[in-house]
Every structure is written in structure tokens, then in C-alpha cells.
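The values are calculated or read from the model by the stated rules, or taken from the named source; none is laboratory data. Small disclaimer: the values here were computed from a predicted structure and weren't measured. Positions of Cβ are backbone-derived with ideal geometry, glycine not excepted, and every protein chain shown enters the neighbour counts. Please note that ligands, DNA and RNA were not included when accessible areas were found on the heavy atoms of the full protein model with its side chains. Shrake-Rupley method; radii C 1.70, N 1.55, O 1.52, S 1.80 Å.
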Amino acid sequence: MKTFYATLFLLLAFLFSFSSQNRKVLIIGIDGTRSDAFQQANTPHIDGLLPNSLYSYDSWHTGISWSGPSWTTILTGVQWNKHLVTSNAFATSDFATYPPFPVLAKQIYPNLNCSIVAEWDPLVDYISPAGWNHAVKVPDMSNWPTADSAVVELQKPDIDLLFAYFDKVDMTGHYTTFSPTNPLYISAIQSVDSAVGEVLDALYARPTYSSENWLILVVTDHGGTGYMHGGNSIEERHIWWMASGSAVAHQQINEADPGTYNCHANNVFDTTCVNKTLMKQSPTHPDVAVTALHHLIYESGINPETKPEWHLDGKSWLLNQTGVKEIAGNENVSVYPNPVAAELTVGNLQLAIANKTPVELFSSDGRKVFSAVPVSEKITINTASFAKGIYLLKAGTANSKVVVE
Ligand SMILES: [Zn+2]
């Protein structure tokens, strides 16, 4: 019996000496990477994530397309009218009210171990001196030192969050133009992809990887046109977004409405310019922090989207939350956004097509308010005229509660 307790003690000591939790986050930030150039570049390492990813090549920058305000939004989960960073000078900010998300995560789990590796010092010095247990500053355009430093962090058994930031693409854009027809710009994207490959290899090589639940977010802050960014052109605002892992649905989101996404003319935040329905269907910058934060604190049951004192603008894209939602049953059907205002999308309908089973929506009093046999993998339901309330969506054996708001 003594041996039993001794063994149990050793086992528990072993478990507690290592990672505090199995939900972990890796954020890879690639500065200044236009969506069209990103799609054109040969990026096998990042592309390798796609089958397990929720992603969009049609994400839109909704704030000020400078790096300072953009990364601040990515890390705080709020737009610039709240965090108040409007340029790379960081002359104004309100990090006391809207701290970077690792600070919020530690309000729930103080022992989280968070690291940042960044080629741009302001990310550490201005945006987020707090929240990180370990910060590594690497010189500009340091692809491989950045990857090597990220590898060191990922070799730590108890790492919970790593943000690795690469600026080579942005710098190359400033030196030689942001353009899919500029071979140097494309080559910079490919070079960063190789470095990302090294980081991902280190992640997969973790001895505990198979028992961990990693959410990998790969994001950019803005595009560019000519030698610059900071304006409102499509080239500067058309970006992409990727979340990978078992915590998200695996599908591509196609939404595009650049015309209504310009929210910062003359540095005045115009809330009326945002098409909120479309915004709910396409991930945006504040969603990075909220989704990462949600993953880190998931076991607490707290949804950062709705925690009142945090006042976050972003949305969580984790499964079973209000973003893309995988619905119950043995079919990999997804339904989003949920809650929905005007247009509900039901995706991954391959099985329903094959079996010719309808997608049906029932009101809470049992009335069928929509029915259609899908002919493509995705259908949309116009819910604008529906009464507010809870509905039941059925697709084959799958079913889900849908909230119309
Ligand atoms: Zn930037």
C-alpha cells in the first residue's frame, strides 16, 4: 500500500510539475501580408494547417491600417476607439482599461505561462509589457532567429501561450512594394513560411503534444499598396485569418464586403459604417484575442465575448460558441453566425446532399419556418423577417439551437 501511495504521489507530482492545462495557444503574426499575395505565394507549411482550420482569405481590416493600432487590436480584442492607439507612435493608449488578452487570461488563471517573440520592439515595449512571463526581442527581418527563439519557448513543458511575430514581409513591402506581382514580396512571404515550418515542427515535436489541445492562429495586421499602408484601399484592408486545431470548425469562410468596412475616416469611429451581419460572418482583428483568450480560459466556462467588465469587441470562433458552431449529431454540419440577425449560413452539407435530406428550421412552438434540400455544400437562410427567439435547426441527424436576435 505504501508503494501505491508513493507511486500516486510521484504521479501527481509529475502531472502538476508540468503544464497547468492542456488548452494552449500559438499565435503566428506575419506583418503586412496582403491576401492576394498570400494566396499566390507558395506556403506549404502554413497551407498544411488548412485541412484542420477555420480560415478566410476574405477578412477585412476594420480599423486604422498601421501596425501599431492593428496589433493592439489583435492583442486586446477591442477596436482603436477603445484602446486609443492610432499610430505607431503609441502617443495615446488605454491599456489600463483594455489590456492585452494574456492579462485578462491571468485574471482567470494566474499561473498561465505566456511568451512573446517579436521582431518589432513596440509589441513588447508598448502594447504588452504586462501579461508575458517571457519576452524575446529579435532584430527586424530575423526570420530564423525568431523561429529559433520560438522553438526554445515551445520546448518548455509548461508553455501555455506563445506569440511569434515576423516582420520580413512588411519590411520587404516598404522597401520594394506590396504587390503580388513583386517577386521579392512573394519571396518574403515564402521565406517566412519556411520559418513558420520550423516553429510548427517544434510544436508537433513536443513530447506531450498528443495530449494537448493547441489552437494555432496565423494572422496578419494589414496589406499595403505601393510602398505604404495606413489608408483605406482594398489592397491595404483585404487580409486573411486562420485558426487551426480541434477547437474550431474546419471550413473556409467566404465573405467579402470591402465597401462597408471602412470605419475610421478622419480618425472618427463611425459605427454606422459597419455591416454587422457581414462582420459576424468574417473573422476580424478583435476576434484573434477573444478566440485565443476563450481557448485559454475555456474550462472556466467564462465566455470572454460576454464578460461585461472586459468590454471586448471581438467574437470567439471556438466550436459550440457564438461563432461557427458544429452542431450535434454525426454529421459535420456547421451553422453560423449564432446568434444570427439577418442571414444564417449552414455549411458542410455533403451528407445532406448525398442523402437528399432537407435542412429545416423550426420555431420554438414547433412551426417549420424554413425547409430546403441543399444542392451545394452551403446554404444561407434569410432570417431578417423571423421573430426573435430560439429556433431548432435540423439537417439529417444533426440538430442545433439557433438564436435569432
Ligand atoms: Zn504592420
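How many Lys pairs in segment 17-310 lie less than 25 angstrom apart by Cα atoms, where the lysines are 8 or more positions apart or on different chains?
Lysine pair count for segment 17-310: 16.
Any idea which of 210, 248, 303 is furthest toward the positive side of the dipole for segment 17-310, if Lys and Arg beta-carbons carry +1 and Asp and Glu beta-carbons -1?
303
If you wrap a convex hull around the alpha carbons of segment 63-164, what volume per residue comes out, as a whole number of Å³?
86 Å³
Please compute the modelled spin-label separation between residue 375 and residue 177, points set 7 Å along Cα→Cβ, answer in nm with one decimal.
Placing both labels 7 Å along Cα→Cβ, they lie 4.4 nm apart.
If you take the beta carbon distance between residue 354 and residue 254 as r and set R0 to 22 Å, what does 1/(1 + (r/R0)^6) give as a FRET efficiency, to the nearest 0.05?
0.50
Roll a 1.4 Å probe over the protein chains and send me the accessible area per residue for segment 17-310 in Å².
34 Å²
Just how far, in whole angstrom, is segment 173-236 from segment 47-106 if you go by their alpha carbon centroids?
Taking the Cα centre of each part, segment 47-106 and segment 173-236 sit 16 Å apart.
Rounded to the nearest 0.05, what FRET efficiency do residue 40 and residue 97 give with R0 = 41 Å and r taken as the Cβ-Cβ distance? Could you check?
For R0 = 41 Å, the calculated efficiency reads 0.55.
What percent does the relative contact order of segment 17-310 come to when contacts are Cα pairs within less than 8 Å and at least six residues apart?
Result for segment 17-310 is 34 percent.
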